[in-house]
1. Kindly establish whether ILE292 is in contact with an Asp or Glu (Cβ under 7 Å, 6 or more places away or on another chain) and outside any loop (DSSP other than H, G, I, E, B).
2. Among GLY334, GLY352, which is the only one that is in a loop (DSSP other than H, G, I, E, B), away from ligand 1 (no atom under 16 Å from the Cβ) and in the same structural domain as VAL377 (by TED's automatic domain parsing)?
3. Within the range 38-82, restricting attention to residues that are among the aromatic types (Phe, Trp, Tyr) and part of a loop (DSSP other than H, G, I, E, B), which residue is farthest from ligand 2 (Cβ to nearest atom)?
4. Could you list, in sequence order, all residues of the range 395-419 that are part of a loop (DSSP other than H, G, I, E, B) and at pLDDT below 95?
5. Which numbered condition in (1) more than 14 Å from ligand 2 (Cβ to nearest atom); (2) farther than 18 Å from GLN420 by Cβ; (3) in the same structural domain as PRO389 (by TED's automatic domain parsing) is the only one that ALA361 fails?
6. Go over the candidates LEU175, LEU215, LEU160, LEU199 one by one and state the one that is in contact (Cβ under 8 Å) with a residue 60 or more places away in the chain and within 19 Å of the chain's Cα centre (by Cα).
7. Just for helices (runs of 4 or more DSSP H) wholly inside the range 153-260: which have at least 3 residues that are over 19 Å from CYS63 (Cα atoms) and not assigned by TED's automatic domain parsing to the domain that holds ALA372?
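The values are calculated or read from the model by the stated rules, or taken from the named source; none is laboratory data. Since this is a predicted model, take the numbers as computed values, not measurements. All Cβ positions, even for glycine, are placed from backbone atoms using ideal geometry, and neighbour counts span all protein chains on display.
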Amino acid sequence: MTRPNHIGYGLATLACIVLIGAVLFFFLPHGLDPVSPSTEQRTGDALIARGKYLTMAADCAACHTTEGGKPFAGGLAFKLPFGTIYSPNITPDRENGIGAWSDAEFARAMRSGVGRHGEDLYPAFPYTSYALLSSDDVLAIRAYLATLAPVATPAPANALAFPFNQRPIMRGWKLLFLDSKPFEPDPARGVAWNRGAYLVNGLAHCSECHTPRNLMFARKLDEALSGGVVDGWKAWNITPDNETGIGQWTDAQLVSYLSTGYAPGHGAASGSMRQAIDLSLSLLPATDIEAIVTYLRTVTPRRADATAAAMPVGAAVKASTAWSPGGEGSAGTGRRIFEGACASCHGWNGNGQQTARAGLAGSHAVNDPQGANLIRVILEGTSAPDHAPATAMPSFGAAYTDAEIAAVANYAIAHFGGKQGQVTAKDVADARP
Ligand code: HEC
Ligand code: HEC
Ligand code: HEC
């Protein structure tokens, strides 16, 4: 299962800094500011409908609902280097969920990362982004969550090693990295741009995955959206840089990718991006998706790892037909496995056979010499949103050894990306669930 956890770096530094913070702030109580709706806030059914839409746009379900579990009952595991935490139950159950919380407590959790009893929450809950939300939006989400069926099960207890199980250590971290100012529209920009900025940086929290993080797991905001790593998956550079970002994507390609999980010429989205699209982005109105694209076009272009840049279709792909590979190509294990296990669905010419969604030409996954996302797709499989069996890609994790998967990954990188793949058997072993 995909774990949309964003944590994963050297934590010794974190421990030092936050412990100092903890000493300083341990005894300061958290304030509870009152929260009230503006005069424009909807009421009744319109408020609930608005809250439902916002909950979808914020993708609360991705983290608070487990596969096959009751909606919003929590329990999803976030594996961190120092232990495991679980997302809490946010249904209206008074004992196990948030039914007994006041609106002010809910708003404080969303925007300041503070739990009901004043405890500091871990930033696996992306309150660093939700801090931008308006009071009206927070209250609408709250109103919608209050209409859900209460679930009377507690989330499993966290299992964190000392000192990370000491919540006050997050105080020092927040002091350094949490900016609890609501979003301020830029009057010099249009409505769509401002909506896009609010979605990308706040509600849809693209920046939580697509921005690189420092050793203390805080986003490097001066490199915003230039690419991050989420649970081992690379969340590519989505700034308008021409070579390493989305500079060469057309608006239509971006809209298609964000709303359907596939863009002609760029392949299909997998991993947590796919989950964000299926559970959230594909359900948003077209105006929101267009607003996101409008905003992304104006972000400062930043150059990221050029070795992983998605290249236009290379010579080997151009020389191939659907059924036979052209060009030089290698004759080793990788090609043999590709021929037997991949070619019938993907085609040698990168167009996809039974479905265009299987087109690998231009896909970032086969252009990264390290094959980070490619290995995961091969190990875990993937499918179109309709899960049609004829086109669903099975998981190959059990069918091949680590060395064989490395070989087929390197072949796909060479054939479709025109690059020398660097995937090793150890990379595959490390990526196995
Ligand atoms: C990327 C994953 C993720 C997303 C998205 C997410 N949450 Fe959470 N949330 C968590 C985790 C993990 C925690 C537990 C943090 C902790 O224990 O310190 C949490 C904690 C909370 C809490 C505190 C509950 C308690 O019992 O202390 C509330 C309230 C909450 N989330 C509501 C929401 C809402 C509403 C949304 C959507 C707007 C949302 N979350 C989206 C991961 C997420
Ligand atoms: C939970 C983490 C997560 C969130 C939230 C997220 N992304 Fe992604 N995104 C990823 C990952 C991982 C990939 C790589 C997917 C792949 O290679 O199949 C990706 C891929 C992409 C790509 C394709 C880039 C390329 O070069 O192929 C675009 C565009 C994109 N995301 C835009 C967005 C936007 C816009 C948002 C917010 C509306 C967003 N993402 C939110 C994790 C995320
Ligand atoms: C039964 C058909 C089938 C087989 C066999 C298959 N795939 Fe796929 N694969 C698909 C489909 C369909 C998608 C796109 C799913 C979607 O719509 O999101 C896909 C997606 C992918 C992706 C991610 C999409 C992208 O553009 O980056 C990669 C990488 C990939 N396959 C590689 C492989 C490799 C390597 C093999 C052989 C080991 C293989 N596939 C075998 C059908 C298949």
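1. Criteria not met by ILE292.
2. So the residue among GLY334, GLY352 that is in a loop (DSSP other than H, G, I, E, B), away from ligand 1 (no atom under 16 Å from the Cβ) and in the same structural domain as VAL377 (by TED's automatic domain parsing) is GLY352.
3. Selected residue: PHE82.
4. The answer is GLY418, LYS419.
5. Evaluating ALA361 over (1) more than 14 Å from ligand 2 (Cβ to nearest atom); (2) farther than 18 Å from GLN420 by Cβ; (3) in the same structural domain as PRO389 (by TED's automatic domain parsing) leaves (1) as the failure.
6. Testing whether each residue is in contact (Cβ under 8 Å) with a residue 60 or more places away in the chain and within 19 Å of the chain's Cα centre (by Cα) leaves just LEU199.
7. Per the criteria, 169-177, 191-198, 251-260.
Yes/no matrix, rows are residues, columns are (1) free of Cβ contacts under 8 Å to residues at least 12 places away in the same chain; (2) closer than 23 Å to GLU404 by Cβ; (3) surrounded by 15 or more Cβ atoms within 10 Å (Cβ to Cβ); (4) among the charged types (D, E, K, R):
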| residue | (1), (2), (3), (4) |
| --- | --- |
| ALA276 | no, no, yes, no |
| GLY326 | no, no, yes, no |
| SER344 | yes, yes, no, no |
| ARG357 | no, no, yes, yes |
| GLY362 | no, no, yes, no |
| ILE375 | no, yes, yes, no |
| LEU379 | no, yes, yes, no |
| SER383 | yes, yes, yes, no |
| ASP386 | yes, no, no, yes |
